[in-house]
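To start, the structure under review is shown below, and the notes come after it.
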Amino acid sequence: MTSTQQPPPPPPQPPLGQGPSASGHGPGGHGHSHSHGPAAPVSQHLRKVIAAILVPFSVAVVVGLVVLWPGGAPDHERTGVGFDRQTQQATVARVDKVDCKSVNATGSSTQDPSGTPTQSADAGTCEKATIRVDTGKDEGRTFTEIVQPDSPRQLREGQKVIVAYAPDAPEELQYSVTDVNRKIPMALLAGIFALVVVAVGRMRGVMALVALTISFLVLTLFILPAILQGSNPLVVAVVGASAIMLIALYTCHGLTARTSVAVLGTLVSLLLIGLLGSLFIGWAALTGNTDDNTGLIHGLYPDIDMSGLLLAGVIIGSLGVLDDVTVTQTSAVWELHEANPTMGWRGLYRAGIRIGRDHIASVVNTLVLAYAGAALPLLLLFSIAQSSVVDVANSELVAEEIVRTLVGSIGLVAAVPVTTALAALVVSADRPMPGKPARTAPGRGGGGRRRKR
């Protein structure tokens with residue numbers, strides 16, 4: 001009689017994170033190391049620890065918003081200078097070619113791009129534009145403006161423009177073209193941006209747009225009016241930036257422990273930026289009053305601390321990039337832990353910081369180039385004047401940007417190790433509760449819904 005032999009049972013598979021397959025070395029390791037199953041939530045104890053830090057901070061931010069809430073920007077009498085002018089919408093009704101010499105013979109004047117009258121040149125063919133006012137008490141009224149052939153802004157028939165109104169000027173000089181109406185192309189570009197964000201990001205993209213809208217509302221309804229009301233710009237910026245940070249991060253990434261760690265990393269970095277900015281703005285004697293716009297602000301509201309306003313700008317300007325750094329680092333550490341739950345906090349930190357070093361190089365370069373691009377016309381002026389690098393860096397206008405860039409960059413660089421260390425400590429300190437088995441992440445084919453982390 002022939003006996004049948006049963007095949008030997010397959011060897012037991014080690015759980016994820018144990019044995020050679022956990023790190024992707026050995027047969028089948030690759031499939032396990034990239035598991036995308038549901039992530040186990042952190043323990044209730046860690047949630048309480050994080051809440052003990054963030055809940056009082058959030059309450060303090062809410063109290064700060066209530067105490068400093070301005071209730072609108074204060075009124076003032078318009079000066080008619082720069083942006084502080086009354087403006088109306090208008091349309092170019094007609095454009096005629098005229099001889100520049102005949103225009104000069106009548107003593108006519110033209111407008112430069114800033115709206116300041118300048119004497120016409122006696123050469124070439126000028127344009128005589130008839131402008132129709134479309135809004136305000138003088139709706140339907142027309143006036144003429146002479147455009148020189150070398151003017152950077154040429155007008156065409158049917159073009160929508162912005163006109164300044166000077167009620168105290170002679171009747172024929174009360175209106176002048178100050179700029180082109182760009183509302184339609186700007187609105188179209190904003191719509192394309194929103195569509196791209198939603199198409200690629202889907203629900204995350206929608207939440208990002210919601211967070212962006214809320215951030216803009218905090219800026220326009222709280223930060224700017226509160227500073228104009230005379231509140232300390234630094235305090236207003238700290239409260240406003242903290243509110244934006246909490247709303248934006250939790251709206252985009254959910255009310256999870258991972259997001260809370262990113263919030264803590266962002267908060268620590270913002271504090272560092274505030275301390276360094278305050279120290280070096282005072283040490284370098286930066287007044288914050290370096291151009292026509294800041295001079296106009298100081299003239300209209302002399303009680304505003306302009307150096308404090310400069311520091312507030314540094315803090316708010318750094319916040320957007322900080323969010324990107326802290327969220328990325330926290331997510332990297334969380335994913336490393338999911339791939340290998342047996343990795344301790346030192347291993348998680350070392351792996352996360354390697355990712356962070358690449359992030360540092362790109363983010364710092366981005367920040368420096370962004371500031372350099374914004375100041376490019378100014379740098380060109382210094383180049384034309386053949387000023388030395390030392391003289392250029394010593395001028396307050398450039399020194400402001402240097403301090404802004406370097407302080408923000410230091411905060412960004414510091415955010416990487418700080419956030420990585422916090423995330424590594426949180427996920428590695430998490431342990432299963434007594435009597436419960438250790439958590440393991442299922443393989444690629446695992447089902448179930450993704451739980452909050």
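The values are calculated or read from the model by the stated rules, or taken from the named source; none is laboratory data. For clarity, every value in this text was computed on a predicted model and none was experimentally measured. Please note: Cβ atoms are built from the backbone with ideal geometry, for glycine as well, and neighbour counts cover all protein chains shown. Keep in mind that these areas ignore ligands, DNA and RNA; they rest on the heavy atoms of the full protein, side chains included. Shrake-Rupley method; radii C 1.70, N 1.55, O 1.52, S 1.80 Å.
Structure data summary
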item	result
Test set (1) touching a Leu at 6+ places or on another chain (Cβ under 6 Å); (2) surrounded by fewer than 20 Cβ atoms within 10 Å (Cβ to Cβ); (3) not small (Gly, Ala, Ser) - LEU276 fails condition number	(1)
Hey, GLY191 over 18 Å from ILE315 (Cα atoms) and not aliphatic (A, V, I, L, M) or not	yes
Residue match in segment 359-378 (condition: of a type outside the set (S, T, N, Q), in contact (Cβ under 8 Å) with a residue 40 or more places away in the chain and open to solvent by 80 Å² or more (accessible area, probe 1.4 Å))	no
Sole residue being within 17 Å of LYS97 (Cα to Cα) and open to solvent by 40 Å² or more (accessible area, probe 1.4 Å), chosen from THR144, THR135	THR144
Residue within segment 209-216 that is of a type in the set (S, T, N, Q), more than 22 Å from TYR250 (Cα to Cα) and surrounded by 13 or more Cβ atoms within 10 Å (Cβ to Cβ) present	no
Considering residues of segment 38-50 that are open to solvent by less than 40 Å² (accessible area, probe 1.4 Å) and assigned to a helix (DSSP H, G or I) only, the residue modelled with the lowest pLDDT	LEU46
Unique residue being buried (at least 19 other Cβ atoms within 10 Å of the Cβ) and in contact with a helix residue (DSSP H, G or I) (Cβ under 9 Å, 6 or more places away or on another chain) when the list is THR287, THR259	THR259
Which listed residue, of GLY205, GLY265, is open to solvent by less than 80 Å² (accessible area, probe 1.4 Å), free of Cβ contacts under 8 Å to residues at least 12 places away in the same chain and farther than 18 Å from GLY313 by Cβ	GLY205
Residues (part of a loop (DSSP other than H, G, I, E, B), touching a residue at least 60 places away in the same chain (Cβ under 8 Å), on the phi < 0 side of the Ramachandran plot and not charged (D, E, K, R)) located in segment 135-163	LEU155, GLN159
Residue list for segment 380-406, restricted to those being assigned to a helix (DSSP H, G or I) and open to solvent by 70 Å² or more (accessible area, probe 1.4 Å)	LEU380, LEU381, SER383, ILE384, VAL389, VAL390, ASP391, ASN394, LEU406
Residue in segment 418-438 that is modelled with the lowest pLDDT, counting only those that are surrounded by fewer than 17 Cβ atoms within 10 Å (Cβ to Cβ) and in a helix (DSSP H, G or I)	ALA429
Test result for ALA248, in contact (Cβ under 8 Å) with a residue 12 or more places away in the chain, in a helix (DSSP H, G or I) and touching a His at 6+ places or on another chain (Cβ under 8 Å)	no
Filter pass, VAL389 being at pLDDT 80 or above and closer than 30 Å to ARG357 by Cα	no
